[in-house]
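K.L.:
Pasting a structure here, questions to come.
The values are calculated or read from the model by the stated rules, or taken from the named source; none is laboratory data. Bear in mind the structure is a predicted one, so any value in this text is a computation, not a measurement. Here the Cβ positions follow ideal geometry from the backbone for every residue, glycine too, while neighbour counts run over all protein chains shown. Keep in mind that these areas ignore ligands, DNA and RNA; they rest on the heavy atoms of the full protein, side chains included. Shrake-Rupley method; radii C 1.70, N 1.55, O 1.52, S 1.80 Å.
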Amino acid sequence: MENDAQDQPVLKYIQQLAAEEHRLYEQGTLPKVDRKRLAQIQVELDQCWDFLRQRRALRDVGLDPNEAEVRPPQVVENYEQ
């Protein structure tokens, strides 16, 4: 459980971004500045989830989760599903 505690700051930031995303969606039609912010939030969320998955994968194979790095938007936004 100690290792999971190290991920708490990332999880908290994800929660903050998700809450902001929901607030923007609830507004309905958004001005350009808010649409731009919404797009930015979505990219940041993708980066955070990717970072968290890296940390967990490293930990699962016995490596240091602190070796995980936030990847640039071009990388996380172009994953194939």
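K.L.:
How long is the gain from D4 to R35 if the chain were fully straight, where each residue apart is worth 0.36 nm and the alpha carbon distance is subtracted?
P.N.:
7.8 nm
K.L.:
Carbon-plus-sulfur fraction of the accessible area of the chain, 1.4 Å probe, in percent?
P.N.:
Summing carbon and sulfur atoms, their accessible area is 52 percent of the total for the chain.
K.L.:
Right, something else. Taking the Cα centre as origin and putting +1 on Lys and Arg beta-carbons and -1 on Asp and Glu beta-carbons, what dipole magnitude results for region 3-81, to the nearest 20 debye?
P.N.:
280 debye
K.L.:
Can you figure out the FRET efficiency of N66 with E21, using R₀ = 35 Å and their beta-carbon distance, to the nearest 0.05?
P.N.:
0.80
K.L.:
Taking the solvent-accessible surface of protein heavy atoms with a 1.4 Å probe, what is the per residue accessible area of the chain in Å²?
P.N.:
Per residue, the chain has an accessible area of 74 Å².
K.L.:
Output wanted: per-residue J couplings in Hz (rounded whole) for region 47-60, from phi through Karplus 6.51 cos²θ - 1.76 cosθ + 1.60, θ = phi - 60°, x for Gly and Pro.
P.N.:
Ordered by residue, 3J(HN,Hα) equals 5, 5, 5, 4, 4, 5, 4, 4, 4, 5, 5, 4, 4, 4 Hz.
K.L.:
So what does the Cα-only Debye profile of the chain read at q = 0.18 Å⁻¹, as log10 I(q)/I(0), no solvent term?
P.N.:
Treating every Cα as an identical point scatterer, log10 I(q)/I(0) equals -0.81.
K.L.:
Which one of Q40, H22, L52 is farthest out on the positive end of the charge dipole of region 1-58, using unit charges on Cβ (Lys, Arg +1; Asp, Glu -1) and the Cα centre as origin?
P.N.:
Of the candidates, Q40 comes out farthest on the positive side.
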